[in-house]
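The structure appears right after this line, and notes come after that.
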């Protein structure tokens, strides 16, 4: 099962949450004001929206994530692979390699991952 969709501005919010959780909603609103330029109302709206989608939990004015950073990243990558690369890992890697020169260290790391069968 994939994680619920997290849109770009929500992801930036989640980065702050993952770094500081569990965190009181008022402290989270202050961090969002400092880092994202959001009002308190905007932060509370995003908390509510993400809570309704099962991404975060807010109980007794304390906010925690229900979706980890790793889960969110994997879900986003799965969506990208399906929509743009027809679930083809070789097509994805070929496109990536065309845009960014792979160092020998990168190639060795990819070989180790392939040899281990993932992970």
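What follows is calculated from the coordinates using simple rules that are stated; it is not laboratory data. None of these values were measured; they are calculated from a predicted model. Note: ideal-geometry Cβ built from the backbone for every residue, glycine included; neighbour counts use all protein chains shown.
Find how much the distance from residue 98 to residue 82 grows on full extension, using 0.36 nm per residue of separation minus their present alpha carbon separation; answer in nm with one decimal. Write out the running numbers ahead of the final one.
Numbers: separation 16, 0.36 × 16 = 5.76 nm, distance 1.95 nm.
In short, 3.8 nm is gained.
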Could you work out the relative contact order of the chain? I mean the mean sequence separation of Cα pairs under 8 Å and 6+ apart, divided by the number of residues, in percent. 25 percent
For the chain, take the longest principal axis of its alpha carbons; what is the angle in degrees between that and the long axis of helix 40-52, to the nearest 10 within 0 to 90? 60 degrees
Rounded to the nearest 10 degrees, what's the angle between the helix 8-20 long axis and the longest principal axis of the chain, both from Cα atoms, 0 to 90? 80 degrees
Relative to the first principal axis of the alpha-carbon coordinates of the chain, what is the inclination of helix 69-85, with its axis defined by its Cα atoms, in degrees from 0 to 90 and to the nearest 10? 50 degrees
Once both label points are put 7 Å beyond Cα along the C-beta direction, the residue 5-residue 109 separation in nm becomes 3.1 nm
Quick check: the distance between the Cα centres of the range 10-30 and the range 49-119, to the nearest angstrom? 21 Å
